[in-house]
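First the structure, in the form of structure tokens, and then the observations on it.
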Amino acid sequence: MTEKLSPDISFDYLDENLKEIKENIAEAAIKVSRKPEDVTLMAVTKTVQPVFINHIIELGVGLIGENKVQELLSKTDYLKTDNLDMHIIGHLQSNKVRKIIDVVSTIQSLDSISLAEEISKQADKNSLTMKVLMEINIGKEESKTGFLEEECVEKAFQIAEMPGIKLEGLMAVPPICDSEKEVRKYFERMNILYQDCKSKLASKAQFTTLSMGMSSDYVPAITEGANLVRVGSALFGARRY
Ligand SMILES: *Cc1c(COP(=O)(O)O)cnc(C)c1O
């Protein structure tokens with residue numbers, strides 16, 4: 001892989017963006033009486049070259065997310081992975097699970113029971129435990145995969161029983177909204193669902209993570225209870241495919 005610097009992204013640019021994002025996160029957390037450190041920042045690194053990913057790792061970001069298995073695997077050799085946690089956040093095909101089973105710590109985009117079964121099988125084969133978040137299709141969008149709100153608790157019980165899987169919470173990408181007020185409603189519903197799962201599944205799984213909020217809406221997501229935000233373009237600039 002060549003590490004060519006694209007013209008409009010520089011280390012200074014990343015330093016500034018990261019500083020601003022951290023300030024916004026802290027401010028949003030404090031406003032709702034939470035601690036800034038209770039909100040984890042994930043850097044979403046799709047289309048970003050390893051040289052820049054390594055820079056933000058050096059700045060102290062310890063968690064990255066990638067959507068695609070192939071892209072993630074093409075980068076791992078070049079990344080400073082010593083203290084790095086990596087998650088898959090995009091739709092994952094069952095036949096690709098084995099390729100990342102010992103690469104990522106968490107699959108945030110668990111969107112079907114059949115995928116959970118494959119993760120369980122591969123985890124068992126490799127004698128490891130894969131952490132997962134259930135992806136919720138909170139806007140019931142046909143273009144998106146994921147569990148529906150109504151079936152979430154029932155499916156969570158099924159998933160929590162599977163060997164080799166540690167169910168830790170929920171993840172969502174709400175529909176594109178015209179206003180902050182509108183997107184907050186989806187985040188609020190996600191938090192209600194999260195709290196419901198947390199209490200109902202208390203004896204089966206420890207819910208610790210509510211992953212929601214991206215570049216345009218991580219502040220309202222935190223206001224509504226997110227404790228993991230996934231930020232790409234606000235950190236690295238607009239993606240060019
Ligand atoms: C790309 C992506 C993000 C980051 O999006 P930005 O708007 O660039 O912050 C977060 N979550 C998921 C699931 C994504 O695919």
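The values are calculated or read from the model by the stated rules, or taken from the named source; none is laboratory data. Because the structure is predicted, anything quoted here is derived from the model rather than measured. Every residue, glycine as well, gets a Cβ built from its backbone with ideal geometry; the counts of neighbours run over all protein chains shown. The accessibility values were calculated without ligands, DNA or RNA, using every heavy atom of the protein model including side chains. Shrake-Rupley method; radii C 1.70, N 1.55, O 1.52, S 1.80 Å.
Annotations for the structure displayed:
- GNM flexibility winner over the chain from Cys177, Cys197, Cys152 (Cα, springs under 10 Å): Cys177
- Probe 1.4 Å - accessible area at Tyr78, Å² to nearest ten: 90
- Legend: residue pairs Lys35/Lys80; Lys99/Lys204; Lys96/Lys121, Cα-Cα distance threshold 18 Å; pairs beyond threshold, Lys35/Lys80; Lys99/Lys204.
- What segment 125-203 shows is 54 Å² of accessible area per residue, with the surface traced by a 1.4 Å probe over protein heavy atoms.
- Over all pairs of different C-alpha atoms in segment 134-241, the reciprocal of the mean inverse distance, the Kirkwood hydrodynamic radius, equals 14.5 Å.
- Rh (Kirkwood; distinct C-alpha pairs) - segment 30-140, Å: 15.1
- Pair Lys80, Asp196: separation of 7 Å Cα→Cβ label points (nm): 4.4
- Estimated FRET transfer efficiency when R0 is 51 angstrom, pair Gln158-Leu59 (beta carbons, to 0.05): 0.80
- Distant-in-sequence amide H partners of Lys144 (H built 1.01 Å from N, under 5 Å): none
- Within the chain, longest stretch free of exposed GluC sites (Glu not before Pro) [DSSP loop, at most 14 other beta carbons within 10 Å]: 4-140
- Spatial offset of segment 123-149 relative to segment 60-120 amounts to 12 Å, using the alpha carbon center of each.
- Solvent-accessible area, 1.4 Å probe, carbon plus sulfur percent, for segment 24-172: 45
- DSSP-loop trypsin sites (Lys or Arg not before Pro) across segment 62-143, with at most 14 other Cβ within 10 angstrom: Lys80, Lys140
- Set against the 2.2 N^0.38 Å expectation for a compact globular protein, segment 133-197 has a Cα radius of gyration ratio of 1.16.
- Start at zero, step by 10 Å, and the Cα-Cα distances of segment 1-83 spread as 16, 44, 30, 9, 1 percent across the bins.
- Helix-only CD estimate at 222 nm, as mean residue ellipticity for the chain, using -39500 (n - 2.57) per DSSP H run (n ≥ 4): -12000 deg cm²/dmol
- Distance (nanometres) between label positions extended 7 Å along Cα→Cβ at Asn95 and Asp38: 4.5
- Estimated distance in nm for a label pair at Glu117 and Tyr13, the labels positioned 7 Å out from Cα along Cα-to-Cβ: 4.6
- D_trans [Stokes-Einstein, Kirkwood Rh over alpha-carbon pairs] for the chain, 25 °C, 0.890 mPa s, µm² s⁻¹: 134
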